[in-house]
1. Kindly list the number of the only condition in (1) at positive phi; (2) buried (at least 20 other Cβ atoms within 10 Å of the Cβ) that fails for Gly33.
2. Quick one: in region 1-21, which of the residues that are of a type in the set (A, V, I, L, M, F, W, C) and touching a helix residue (DSSP H, G or I) at 6+ places or on another chain (Cβ under 7 Å) is surrounded by the fewest Cβ atoms within 10 Å (Cβ to Cβ)?
3. Kindly list the number of the only condition in (1) under 15 Å from Val132 (Cα atoms); (2) part of a loop (DSSP other than H, G, I, E, B); (3) in contact with a Gly (Cβ under 6 Å, 6 or more places away or on another chain) that fails for Arg34.
4. Does Asp110 satisfy the condition of being modelled with pLDDT of 95 or more, out of contact with any Phe, Trp or Tyr (no Cβ under 9 Å at 6 or more places or on another chain), of a type in the set (D, E, K, R) and farther than 17 Å from Ser13 by Cα?
5. Only one of these conditions is not met by Gln41: (1) surrounded by fewer than 20 Cβ atoms within 10 Å (Cβ to Cβ); (2) closer than 16 Å to Thr15 by Cα; (3) of a type outside the set (A, V, I, L, M, F, W, C); (4) modelled with pLDDT of 95 or more. Which number is it?
6. Right, Ala22: touching a strand residue (DSSP E or B) at 6+ places or on another chain (Cβ under 6 Å), in a helix (DSSP H, G or I) and under 16 Å from Gly76 (Cα atoms) or not?
7. Would you confirm, using the coordinates I've provided, whether Ile82 is touching a strand residue (DSSP E or B) at 6+ places or on another chain (Cβ under 6 Å) and within 19 Å of Thr15 (Cβ to Cβ)?
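The values are calculated or read from the model by the stated rules, or taken from the named source; none is laboratory data. What you are looking at is a predicted structure, and each value in this text was computed from that prediction instead of being measured. Glycine also receives a Cβ, built like all others from the backbone with ideal geometry; neighbour counts cover every protein chain displayed.
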Amino acid sequence: MADTDTLSLVLFSGTDDKLNAAAVLTAGGAAMGRRVNIFLQYWALDAFRTDRIHKDHGVAPEAGPEGHGVLQRHGGQHWSEILGQAKGIGEVGIHACSLSMEMFGITKDDLDPLVDDVEGVASFFLEVDGPVTFI
């Protein structure tokens with residue numbers, strides 16, 4: 001598969017609305033046979049901690065006061081479940097940023113099993129040859 005068929009996402013926001021959007025994009029890409037690479041930084045990485053993955057991470061400020069209610073009323077699956085399904089149907093790699101890991105003082109053992117490995121920015125970009133979407 002050509003690299004232009006790869007969906008590369010850098011997740012740095014840890015709010016549930018943005019993580020859900022990333023999960024839906026990932027599942028859609030995987031279902032269409034696209035390779036998906038996800039690089040977790042900062043608050044997105046923090047949301048993938050084993051003890052925090054199912055915690056309420058709120059919504060982005062631009063969602064306003066009604067944003068959280070809209071997300072809850074929508075129901076559906078949790079973003080982590082959608083990512084797990086995406087990994088089951090296609091080639092999806094979820095990589096933790098080593099610098100963010102150091103910043104938070106955590107190790108791979110602190111992360112949910114959805115996270116495949118820990119790598120630096122340079123390693124992530126060696127796998128990318130095309131556009132990168134930041135969420």
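1. (2)
2. If we take residues in region 1-21 being of a type in the set (A, V, I, L, M, F, W, C) and touching a helix residue (DSSP H, G or I) at 6+ places or on another chain (Cβ under 7 Å), then Phe12 is surrounded by the fewest Cβ atoms within 10 Å (Cβ to Cβ).
3. Checking Arg34 against (1) under 15 Å from Val132 (Cα atoms); (2) part of a loop (DSSP other than H, G, I, E, B); (3) in contact with a Gly (Cβ under 6 Å, 6 or more places away or on another chain), the one that fails is (3).
4. no
5. The single condition Gln41 does not satisfy is (1).
6. So Ala22 passes the test.
7. So Ile82 does not fit the description; no.
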